[in-house]
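One structure is given below, encoded as structure tokens.
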Amino acid sequence: MLHEPDDFIGNILGKLLNRQLENQPMRGKVGRWRMSVVLDTDYYPISIIFSYHIEIVADYVDDPTIVLSMKFNTIIRLFRGETSMIRAVLGGAIKTRGLLKHPLSMIRFYRLMTSILGG
């Protein structure tokens, strides 16, 4: 299981990831990933490091694989189901870096997030 950080955004993300990682096949898949994702919000950045285990850090890691920049309001809208990740990216609410350089990592993270958010 993933240690849930003390900060607000990281704790919510940790709880959602832990719930998803109760699924053994998903835990096996995610355990093989080697990437880092930064969710750069208007409050503070959250880094998710996938390397034999998952670690969530309330800081910006060096040389992330993917960077998703968004406002906290966009995160709330995603959790409430008012928008989808694809719609938010296409509408400009989420800005991405690393998509063209690491498309497989982006697809993996997108699938993980859509399974967490329920569709």
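The values are calculated or read from the model by the stated rules, or taken from the named source; none is laboratory data. What you see is a predicted model, and the numbers here were worked out from it, not measured in a lab. Here Cβ is always computed from backbone atoms with ideal geometry, including for glycine, and neighbour counts include all displayed protein chains.
Yes/no matrix, rows are residues, columns are (1) basic (Lys, Arg); (2) in contact with a strand residue (DSSP E or B) (Cβ under 7 Å, 6 or more places away or on another chain):
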site	(1), (2)
ASN23	no, no
LYS29	yes, no
TYR43	no, no
ASP59	no, yes
THR74	no, no
ARG80	yes, no
MET85	no, no
GLY91	no, no
Tell me, please, whether a residue that is in contact (Cβ under 8 Å) with a residue 24 or more places away in the chain, not in a helix (DSSP H, G or I) and not aliphatic (A, V, I, L, M) can be found in region 13-34.
yes
Enumeration of residues in region 42-52 that are touching a helix residue (DSSP H, G or I) at 6+ places or on another chain (Cβ under 6 Å) and outside any loop (DSSP other than H, G, I, E, B)
ILE46
Which one of these is over 18 Å from GLY118 (Cβ atoms), surrounded by 18 or more Cβ atoms within 10 Å (Cβ to Cβ) and at pLDDT below 90: ILE46, ILE9?
ILE9
SER36 vs. criteria within 19 Å of GLU4 (Cα to Cα) and at pLDDT 95 or above:
yes
